[in-house]
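The values are calculated or read from the model by the stated rules, or taken from the named source; none is laboratory data. None of the values given here were measured: they were computed from a predicted structure. Using ideal geometry, Cβ is built from the backbone for each residue, glycine included, and neighbour counts are taken over all protein chains shown. The accessibility values were calculated without ligands, DNA or RNA, using every heavy atom of the protein model including side chains. Shrake-Rupley method; radii C 1.70, N 1.55, O 1.52, S 1.80 Å.
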Amino acid sequence: MSAAFDSYNFRIVTISFLESIKIHIFSFIWGLWTLVKHIFWRLYGKRKVKDERENAPTCLVDNSFGQHLYVKLKGVKFHYVDSGDKNKPVILFLHGFPDFWISWSSQVPALVEYFRVICLDLKGFGDSDKPLSRSNYKVCILLHELRNFICTLNISSCHVVGHDIGALLGWYLVSLYPQHVKKFVAISCPHPNLYWNQQLSKNCLFNSRWIQFSQLPHLPEQHALDFNIVNKCYQHLSANDKYKRNAYLDAYKYTFSRKEDWTGPLNYFRNLPFNRLKTASSTKSEINKVKVPVLLLTGSADNCVSLESIVRSTDFAEQFKLKIIDNSSHYPHQQQPDQVNNLLLNFLIDEDQVDSKQVNQQTGLVGKMYGAVSNTVKYGNHYKMYLQNETTFLSMS
């Protein structure tokens, strides 16, 4: 492990040999079961017709969200959408799975007044390069590339907002490279040491069985090509207007229309479940907590992330705020964008970014920033008591 990691008393460690063997044994079992189902469907069922997407939807080439730019880091090309004044503080958005930069389309217009907003396509996703080798997606490599990407922006640090596996990488980033992160927002994502061990609902598409199945080569990619994953993940888009729903679904299906469009994303699941953060030194039993201020957001109806794991994640942060987003599941930033945008502004904006007279005259979304910040998470007395006894909240005054 590099000296850069050691200097902060955080280290990436692997799970035990027995845990690793267990994952691979179950991957074989679920793979065999999937093959049997595919053979049955081919013999007795209707053959699925591939839903082709040959032309890029207009929303993917629309510059209203910002400039589509590219940067090459040690042979890997990254695509990102850059919007806002270059002299303003930077927010780096990291999407989840299966997703890409367009995940943040509702956040860019709300935040660009006060920030330079950068929506990155993670390696393997969208228009970023898609190395096929599993070894290219080791967590230490991914983090080193993210650090180098931040450095190419000619800034010393930025705010990081992540969703799902993007937030998972964010947890590693603030643990290993805290000097590059001012504040961190984790949406629908507990700490890495809790993420893979949480008890997920059987209704969750990406439960333990799916994670085990994804360890197999080729078969998971082939299984994903019928867009079943995309259709299930983005059912909530039907709540939006018909034009936006169709345009965005087309964008997702175009982006994930080839087998190689799935190999990179699946390689995250072929690496990340085997890693944890060593957060306690050998001489001390207490946790070395993240020093960067953290905001945790989770949907009230999220069946892919347990509320307990989100609450327990606060043990790993010195300063934090936790908020449950009502009427949302695993994608609160898409399902309740106004509420999420308001919380992001409350948390990320500094007082010196806004003229006090202007703030006093604001109403609506921005005007609420300088009101009282919501109190402790009110989601059951046992969680409230847990938070009051074990942790300290970030003061926003």
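Numbers for the structure displayed
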quantity	calculated
Total residues in the range 132-167, condition touching a strand residue (DSSP E or B) at 6+ places or on another chain (Cβ under 7 Å) and open to solvent by 10 Å² or more (accessible area, probe 1.4 Å)	7
Qualifying positions in the range 11-26 - at pLDDT 85 or above, surrounded by 15 or more Cβ atoms within 10 Å (Cβ to Cβ) and within 14 Å of L216 (Cα to Cα)	I23
Any hit, the range 119-130, residues being out of contact with any strand residue (DSSP E or B) (no Cβ under 7 Å at 6 or more places or on another chain) and either open to solvent by 10 Å² or more (accessible area, probe 1.4 Å) or more than 24 Å from R270 (Cα to Cα) (or both)	yes
Cβ-Cβ under 8 Å pairs, at least 6 apart or on other chains, the range 116-142 side modelled with pLDDT of 95 or more and of a type in the set (F, W, Y), far side part of a helix (DSSP H, G or I) and open to solvent by 10 Å² or more (accessible area, probe 1.4 Å)	F125/T255
P217 vs. criteria modelled with pLDDT under 95 and more than 26 Å from L295 (Cβ to Cβ)	yes
Any hit, the range 28-40, residues being modelled with pLDDT of 80 or more, open to solvent by less than 40 Å² (accessible area, probe 1.4 Å) and among the β-branched types (V, I, T)	no
Residue match in the range 198-206 (condition: touching a Lys or Arg at 6+ places or on another chain (Cβ under 7 Å) and modelled with pLDDT of 95 or more)	no
Criterion: open to solvent by 40 Å² or more (accessible area, probe 1.4 Å) and among the hydroxyl-bearing types (S, T, Y) - qualifying residue of Y268, Y248, Y254, Y331	Y254
Qualifying residues in the range 219-230 (those that are in contact (Cβ under 8 Å) with a residue 12 or more places away in the chain and surrounded by fewer than 16 Cβ atoms within 10 Å (Cβ to Cβ)) - the one nearest to F26 (Cα to Cα)	Q222
Scope the range 68-85; condition more than 13 Å from F149 (Cβ to Cβ) and exposed (fewer than 14 other Cβ atoms within 10 Å of the Cβ); matching residues	G75, D85
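So that you can scan it fast, the table gives a plain yes or no per residue for (1) modelled with pLDDT of 95 or more; (2) crowded, with 22+ Cβ neighbours inside 10 Å; (3) under 18 Å from V161 (Cβ atoms); (4) in contact with a helix residue (DSSP H, G or I) (Cβ under 9 Å, 6 or more places away or on another chain):
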site: L295; (1), (2), (3), (4): yes, yes, yes, yes
site: E308; (1), (2), (3), (4): no, no, no, yes
site: S313; (1), (2), (3), (4): yes, yes, yes, yes
site: Q319; (1), (2), (3), (4): yes, no, yes, no
site: L345; (1), (2), (3), (4): yes, no, yes, yes
